[in-house]
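Data block below; observations after.
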Amino acid sequence: MALENFDYYKEEKKGGFIRPKEYVSSIFTIDIDDLVKKGIKALIVDIDDTIMPRSEYKIPFAVYSWVEKVKEKGLKIFLVSNGSRVPRTDYISKSLGINGMALSFKPLPFAFKKAMNAMDVAPEETAVIGDQILTDVIGGNLLGAYTILVKPVAKEVSMIRMPMRFLEDSIINSLDLEINS
Ligand SMILES: [Mg+2]
């Protein structure tokens, strides 16, 4: 029997738990109707470099409209940030009229579990959306959620974070991910 026929080989080839289900250019190109069709009822969304640059406090107008659109489709949303700036996360979630949590320690499962409990949904009814494989995608996949990787909204400017972004880019290249839209 050829190696290709073994399930574990297929899983390995797909990248296993480091591979997102979808890779998109931004949150705005995510097909919300398609998610609803797939049985998704809630979104867990990363803040920094996913919905806005980590250096910014001003929420882009387009993000307000996107959140409204998602709510109109009947989906719940919860924001999670690995950042330590609790007041900033509070400000952003309150402004958008949704729940949010800083100090999430992704890819550890606590914040994701808390978010799912708060929204009263199961992992298979949840999509995790973020710009990093090592935190958002791995964390979501480990819990069995539907994971969507987005391109970071800002160029990395912090010298400390540059090696991390470089590593993320190499993983994306090695996975041979195709961008959907
Ligand atoms: Mg991020």
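Some points to look at:
- Residue within region 32-40 that is crowded, with 16+ Cβ neighbours inside 10 Å, in contact (Cβ under 8 Å) with a residue 12 or more places away in the chain and within 15 Å of the ligand (Cβ to nearest atom) present: no
- Within region 97-132, the set of residues being more than 11 Å from the chain's Cα centre (by Cα), among the aliphatic types (A, V, I, L, M) and within 16 Å of the ligand (Cβ to nearest atom) comprises Met101, Ala102, Leu103, Leu108, Ala111, Ala115.
Values quoted throughout were computed directly from the atomic coordinates according to the rules given, and no laboratory measurement underlies them. Here the structure is a predicted model, which is why all the values come from computation and not from measurement. Using ideal geometry, Cβ is built from the backbone for each residue, glycine included, and neighbour counts are taken over all protein chains shown.
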